[in-house]
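**Q** Please see the structure below; I have some questions.
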Amino acid sequence: SDNLSRPIAAHFDHCFVVNAAHVADYATWGSKSASWLPPVLRPERVDPHQTERRVLYGHRDLDLVLCCDRSFGIGDRAQRAERLLAAFPDAHVRGRGWPLGAAPQNEVVELYTRSKIGWNLPHSTGPCNTRLLELPANGVVKICDNQRFLVPIFELDRDIVGFDTIEECIDKTRYYLAHDDERRRIAAAGRARTMRDYTEDRMWDRVDAKAREIAASRATKANEPATHIAQR
């Protein structure tokens, strides 16, 4: 942020911010206005055959999935993930630095369609990564860090599940593995919310609406009568 976002924030009419935790920072950096924009939900990362009925009644053979790099060079995500794996050693984990390695794109989608619960661990504050939308879009119950920043995006414990500590994540993971009907209801609601509000089309609708708002504001100002100051 210090090198990229902060120096240029004041030079744009509006800043779209993918990290929901940091929208307010842009005002302190001189931004005229800023708002959250969801990360792109790429169509190729969503199973086109997924339906509400499949989420509610279909079979999923993997309890837990986590697809992220272990070695990224920033943050303590690897250590947090290791604590989860100590509690759930059968979780299916893919990504650079993990024993099974990275999964190709088509395999990630397949893993998601087979999984009941998916963890999302941003590097620091978030949410801001692709798992934010990819997990619920594929009918996976997402248990996500930084839960207070999720509130404007999803309804907690209805669309997704949030947590603040690893201990809380472990407890909630155990709970929803043991309460399958509740898990399925949250998975279906999360998928419906994602596909209604956070597709790529909806993302561009947000951009278009803001551009029209800025253009209308400029037009209004241009049509306002000029204020003349009497000369002495």
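The values are calculated or read from the model by the stated rules, or taken from the named source; none is laboratory data. Here the structure is a predicted model, which means the values were calculated and not measured. No Cβ is skipped: glycine too gets one built from the backbone with ideal geometry, and neighbour counts run over all protein chains shown. Note: areas computed on protein heavy atoms with side chains; ligands, DNA, RNA excluded. Shrake-Rupley method; radii C 1.70, N 1.55, O 1.52, S 1.80 Å.
**Q** Return the pair list, or none, for Cβ contacts closer than 9 Å from residues in region 46-61 that are assigned to a helix (DSSP H, G or I) to residues that are open to solvent by 60 Å² or more (accessible area, probe 1.4 Å), at least 6 apart or on different chains.
**A** So the pair list comes out as Leu56/Arg185.
**Q** Something else about it: I'd like the full set of residues that are part of a loop (DSSP other than H, G, I, E, B) and open to solvent by 60 Å² or more (accessible area, probe 1.4 Å), limited to region 19-28. It would help to see each step written out before you state the result.
**A** Let us first name the residues in region 19-28 that are part of a loop (DSSP other than H, G, I, E, B), namely 19, 23-24.
Across region 19-28, the qualifying residue is only Ala24.
**Q** Checking Asp47 against (1) out of contact with any His (no Cβ under 9 Å at 6 or more places or on another chain); (2) at pLDDT below 95; (3) closer than 25 Å to Leu150 by Cβ, which test does it fail?
**A** (2)
Every residue, every condition in (1) of a type in the set (D, E, K, R); (2) over 20 Å from the mean Cα position of the chain (by Cα); (3) open to solvent by 90 Å² or more (accessible area, probe 1.4 Å), yes or no:
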site: Ile166; (1), (2), (3): no, no, no
site: Cys169; (1), (2), (3): no, no, no
site: Tyr176; (1), (2), (3): no, yes, no
site: Asp180; (1), (2), (3): yes, yes, no
site: Thr194; (1), (2), (3): no, no, no
site: Asp201; (1), (2), (3): yes, no, yes
site: Ala209; (1), (2), (3): no, yes, no
site: Arg218; (1), (2), (3): yes, yes, yes
site: Pro225; (1), (2), (3): no, yes, yes
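**Q** Let me ask something else about it. Being open to solvent by 20 Å² or more (accessible area, probe 1.4 Å) and either at pLDDT 95 or above or touching a strand residue (DSSP E or B) at 6+ places or on another chain (Cβ under 7 Å) (or both) is true for just one of Ser31, Ser71, Ser35. Which residue is that?
**A** Working: Ser31 fails: open to solvent by 20 Å² or more (accessible area, probe 1.4 Å); Ser71 fails: either at pLDDT 95 or above or touching a strand residue (DSSP E or B) at 6+ places or on another chain (Cβ under 7 Å) (or both).
None of the other options fit; the residue is Ser35.
**Q** Moving on. For a quick check of your reading of the model, give me the residue pairs whose first member lies in region 184-204 and is in a helix (DSSP H, G or I), whose second is surrounded by fewer than 19 Cβ atoms within 10 Å (Cβ to Cβ), with beta-carbon atoms closer than 6 Å and at least 6 apart or on different chains.
**A** Once the first residue is in a helix (DSSP H, G or I) and sits in region 184-204, its partners that are surrounded by fewer than 19 Cβ atoms within 10 Å (Cβ to Cβ) give Arg184/Leu56; Ala188/Glu52; Ala188/Leu56; Ala189/Arg158; Glu200/Val40.
Let's see how each residue does on (1) modelled with pLDDT of 95 or more; (2) open to solvent by less than 20 Å² (accessible area, probe 1.4 Å); (3) part of a helix (DSSP H, G or I):
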residue: Glu82; (1), (2), (3): no, no, yes
residue: Ala86; (1), (2), (3): yes, no, yes
residue: Pro89; (1), (2), (3): yes, no, no
residue: Ala103; (1), (2), (3): no, no, no
residue: Asn106; (1), (2), (3): no, no, yes
residue: Gly118; (1), (2), (3): yes, yes, no
residue: Asn129; (1), (2), (3): no, no, no
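**Q** Moving on. Taking Tyr176, is it in contact with a strand residue (DSSP E or B) (Cβ under 7 Å, 6 or more places away or on another chain) and not small (Gly, Ala, Ser)? Outline the logic, then answer.
**A** On the way: in contact with a strand residue (DSSP E or B) (Cβ under 7 Å, 6 or more places away or on another chain): yes; not small (Gly, Ala, Ser): yes.
Criteria met by Tyr176.
**Q** Next question. Just one of (1) modelled with pLDDT of 95 or more; (2) of a type in the set (A, V, I, L, M, F, W, C); (3) in a helix (DSSP H, G or I) trips up Leu64, so point out which.
**A** (3)
**Q** Sticking with this one: Scan region 136-159 and give yes if some residue there is at pLDDT 95 or above, assigned to a helix (DSSP H, G or I) and either touching a helix residue (DSSP H, G or I) at 6+ places or on another chain (Cβ under 8 Å) or open to solvent by 60 Å² or more (accessible area, probe 1.4 Å) (or both), otherwise no.
**A** The answer is yes; a qualifying residue exists.
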